[in-house]
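Some notes on the structure that comes next.
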Amino acid sequence: MRIYLFLLFYLYFFNLYTQEKKEILFVGNSFTFYWNLPKLVEDMAKSKGLNWNVSQSTSSGATLEQHWNSKKGLKTISLIEKNDFDYIVLQDRSHNPIIQVDSTVIYSKKFVNLSKSKQSIPLLFSTWFYQEYWEQKYPNNKIDLTKNPYPIEAVISKISNEENIDFIPVGRAFKIFENRYLDYDLFFDDGKHSSPNGTYLAACVIFAKISGESSIGLPSRFFEYDEEAHKWIYYNIVDKNFAVLSQKISDEIVFKKIDAYN
């Protein structure tokens, strides 16, 4: 039995480290770094035997314009110019695609062109719309979600089409999940940032979109042992049923597998 387990672990790590390494950069703000989303995506890839190294350039409330102009201590441009990333995931400040459309369009395209010049594949991260916050802050700017259920995605998808690139519809995943399952909260206490649940769902969609592989079967817990501290570190823990539901919605959105696993 021990020999079998040893061989199993050997084959897993052999497969992992003989896989072509993928370098991925996340550019964004707190919607990207909450609950360490980039690390979770990397760990999901690792659990599937993929060799990904996921980096991030993030700062609270940062816009793509601030990333481009190296504000808030950000060095995103330098990071992209000095490294060879396979994928660059671009996320503008949450509601910017609605309230600062021109800025989102201009700087998304600037980053897309820079990414392409470096032979990187750019992906636009379409985040979620948090209605209660919007209605409190912009009471005179109503958005009819019955006519436009994905207001952020509407802008992001238009940019993607114009630039002939793909985008990651995380906001769509949030909306579909909320409409179907009321027992799980995708948001943190502030009502706009993602909870560990929401981060897990977002990571499933991002993982599937970049890898082209199903998220079905991913673990519901991600952790590792810190040799120096001699302790286990848990990065994300969700309910097993929630994990399954998230994986199904991810497949439905990314691969159009409607009810494929029901």
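The values are calculated or read from the model by the stated rules, or taken from the named source; none is laboratory data. A quick note: this is a predicted structure, and the numbers were derived from the prediction, not measured. Counting neighbours? That spans all protein chains shown, and the Cβs are built from the backbone with ideal geometry, glycine included. Calculation scope for accessible area: heavy atoms of the full protein, side chains included, ligands and nucleic acids excluded. Shrake-Rupley method; radii C 1.70, N 1.55, O 1.52, S 1.80 Å.
When you go through Gly212, Gly217, Gly191, Gly198 one by one, which is the residue that is exposed (fewer than 14 other Cβ atoms within 10 Å of the Cβ) and under 16 Å from the mean Cα position of the chain (by Cα)?
On the way: Gly217 fails: under 16 Å from the mean Cα position of the chain (by Cα); Gly191 fails: under 16 Å from the mean Cα position of the chain (by Cα); Gly198 fails: exposed (fewer than 14 other Cβ atoms within 10 Å of the Cβ).
Result: Gly212 is the single residue among Gly212, Gly217, Gly191, Gly198 that is exposed (fewer than 14 other Cβ atoms within 10 Å of the Cβ) and under 16 Å from the mean Cα position of the chain (by Cα).
Name the residue, out of Phe177, Phe167, that is in a helix (DSSP H, G or I), in contact with a helix residue (DSSP H, G or I) (Cβ under 9 Å, 6 or more places away or on another chain) and within 30 Å of Lys137 (Cα to Cα). Explain how you work it out, then say what you get.
Working: Phe167 fails: in a helix (DSSP H, G or I).
Exactly one residue qualifies, and that residue is Phe177.
For region 30-85, give me each residue that is assigned to a loop (DSSP other than H, G, I, E, B) and among the β-branched types (Val, Ile, Thr).
Just the residues of region 30-85 that are assigned to a loop (DSSP other than H, G, I, E, B), to begin with: 48-51, 59-63, 69-75, 83-85.
Matches in region 30-85: Thr63 only.
Could you list, in sequence order, the residues of region 117-138 that are closer than 22 Å to His193 by Cβ and open to solvent by 40 Å² or more (accessible area, probe 1.4 Å)? Can you show your working first?
Within region 117-138, the subset closer than 22 Å to His193 by Cβ is 123-138.
The answer is Gln131, Glu132, Tyr133, Glu135, Gln136, Lys137, Tyr138.
Condition check: charged (D, E, K, R) and either open to solvent by 70 Å² or more (accessible area, probe 1.4 Å) or closer than 29 Å to Ser78 by Cα (or both). Does Lys175 satisfy that?
Values: charged (D, E, K, R): yes; either open to solvent by 70 Å² or more (accessible area, probe 1.4 Å) or closer than 29 Å to Ser78 by Cα (or both): no.
In short, no.
With respect to the numbered conditions (1) open to solvent by 50 Å² or more (accessible area, probe 1.4 Å); (2) small (Gly, Ala, Ser); (3) within 16 Å of the chain's Cα centre (by Cα), which one is the sole condition not fulfilled by Ala203?
(1) is the only condition that Ala203 fails.
Take the conditions in a helix (DSSP H, G or I) and either open to solvent by 60 Å² or more (accessible area, probe 1.4 Å) or under 16 Å from Ala203 (Cα atoms) (or both) and apply them to Val89. Does it pass?
Here the answer is no, as Val89 does not meet what is asked.
Give me the pairs, please: first residue somewhere in region 94-120 and over 20 Å from Pro169 (Cβ atoms), second residue anywhere and open to solvent by 50 Å² or more (accessible area, probe 1.4 Å) and among the small types (Gly, Ala, Ser), beta-carbon distance under 8 Å, and either six or more positions apart or on two chains.
Close Cβ pairs satisfying both conditions: none exist.
Does Ser70 satisfy being surrounded by fewer than 21 Cβ atoms within 10 Å (Cβ to Cβ), under 28 Å from Ala243 (Cα atoms) and either modelled with pLDDT of 95 or more or under 18 Å from the mean Cα position of the chain (by Cα) (or both)? Quick ask: steps written out before the conclusion?
Working: surrounded by fewer than 21 Cβ atoms within 10 Å (Cβ to Cβ): yes; under 28 Å from Ala243 (Cα atoms): no; either modelled with pLDDT of 95 or more or under 18 Å from the mean Cα position of the chain (by Cα) (or both): yes.
No, not satisfied.
Taking Glu162, is it of a type outside the set (Ser, Thr, Tyr), outside any loop (DSSP other than H, G, I, E, B) and open to solvent by 10 Å² or more (accessible area, probe 1.4 Å)?
Details: of a type outside the set (Ser, Thr, Tyr): yes; outside any loop (DSSP other than H, G, I, E, B): yes; open to solvent by 10 Å² or more (accessible area, probe 1.4 Å): yes.
So Glu162 passes the test.
Is there any pair linking a residue in region 232-256 that is touching a residue at least 12 places away in the same chain (Cβ under 8 Å) and part of a loop (DSSP other than H, G, I, E, B) to one that is of a type in the set (Ser, Thr, Tyr) and surrounded by fewer than 22 Cβ atoms within 10 Å (Cβ to Cβ), with Cβ under 9 Å and at least six apart or on different chains, and which?
Hits for this filter: Val238/Tyr184; Val238/Ser220; Asp239/Tyr184; Asp239/Ser220.
I'm trying to understand the selection: among the residues of region 64-108, which are touching an Asp or Glu at 6+ places or on another chain (Cβ under 6 Å) and farther than 22 Å from Lys21 by Cα?
So in region 64-108, the residues touching an Asp or Glu at 6+ places or on another chain (Cβ under 6 Å) come out as 64, 85-86, 103-104, 107.
Of everything in region 64-108, those that are touching an Asp or Glu at 6+ places or on another chain (Cβ under 6 Å) and farther than 22 Å from Lys21 by Cα turn out to be Leu64, Ser103, Thr104, Tyr107.
Only residues that are surrounded by 23 or more Cβ atoms within 10 Å (Cβ to Cβ) and either under 20 Å from Ile233 (Cβ atoms) or at pLDDT below 95 (or both): list them for region 27-37, please.
Scanning region 27-37 gives a single hit, Leu37.
What's the number of the condition Lys109 fails, among (1) open to solvent by 60 Å² or more (accessible area, probe 1.4 Å); (2) within 24 Å of Ile24 (Cα to Cα); (3) of a type in the set (Lys, Arg)?
(1)
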